[in-house]
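Each remark here refers to the structure printed beneath this line.
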Amino acid sequence: MSDSKPLWKPAKRRIEAANLTAFMRSASRRWGETLSDYDSLHAWSVTQPEQFWTTLWEVAGVIGERGERGLIDAHRMPGAKWFPDARLNFAENLLRDYATKQGGADALVFWGEDKVKGRASRAELHRAVAQTAAASRAMGVQSGDRVAAYLPNVPAAIVAMLATASI
């Protein structure tokens, strides 16, 4: 199968506009690498994992403190530790674009086993998380607390988890 041809190849215009292309350009500028295609990007990500993940953190706009160290114990797989000094709130990162033009985009699409269906936009999810977090704070939940819940796999479980994490 080595001489098989791809079923589809994107147009050059589409490749130029792709997020992956922008990432390769950013990494090339930052580290002085020549990353012109997927194969060169993959090779660089394997040989320079700390540079790769540091660049991804920056380009993705992760909100948080990265810390000084990007990778320790790289030779131990499994066992390597990525950004061991980092501090971030994943709920903040997941919910950050609720107010932008993407705020109306689906954040959750639910279809339960009992045929119940539902959708929640990014803005609706953010609102539900904020309300649940406020109610939790009013009940005395604060940073450092442990919160446990027994819930079915429904959107309310995601809302509760994100609200708790946001605190």
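Read-outs throughout are calculated quantities, based only on the coordinates presented, and are distinct from any laboratory measurement. Just so you know, these numbers come straight off a predicted model, no measurement behind them. Heads up, the Cβs are rebuilt from the backbone with ideal geometry, glycines too, and the neighbour counts pull from every protein chain shown.
Things worth noting here:
- Length added when fully stretched, residue 151-residue 117, from 0.36 nm per residue minus Cα-Cα: 10.5 nm
- Local electrostatic count at residue 86 - Lys and Arg +1, Asp and Glu -1, tallied over other residues with Cβ under 12 Å: +1
- With the simple spin-label model, which puts each label point 7 Å out from Cα in the Cβ direction, the residue 7 to residue 130 separation comes to 4.3 nm.
- Reachable aspartates and glutamates, given that their alpha-carbon falls under 20 Å from the alpha-carbon of residue 115 and they are not under 8 places away in the same chain: 106
- Comparing 23, 110, 90 in a Gaussian network model of the chain where C-alpha atoms under 10 Å apart are linked, the largest mean-square fluctuation is found at 110.
- Contact order normalised by residue count of the chain, Cα under 8 Å, 6+ apart, percent: 13 percent
- Length added when fully stretched, residue 87-residue 20, from 0.36 nm per residue minus Cα-Cα: 21.5 nm
- If R0 is 35 Å, the Cβ-Cβ spacing of residue 36 and residue 109 corresponds to a FRET efficiency of close to 0.40.
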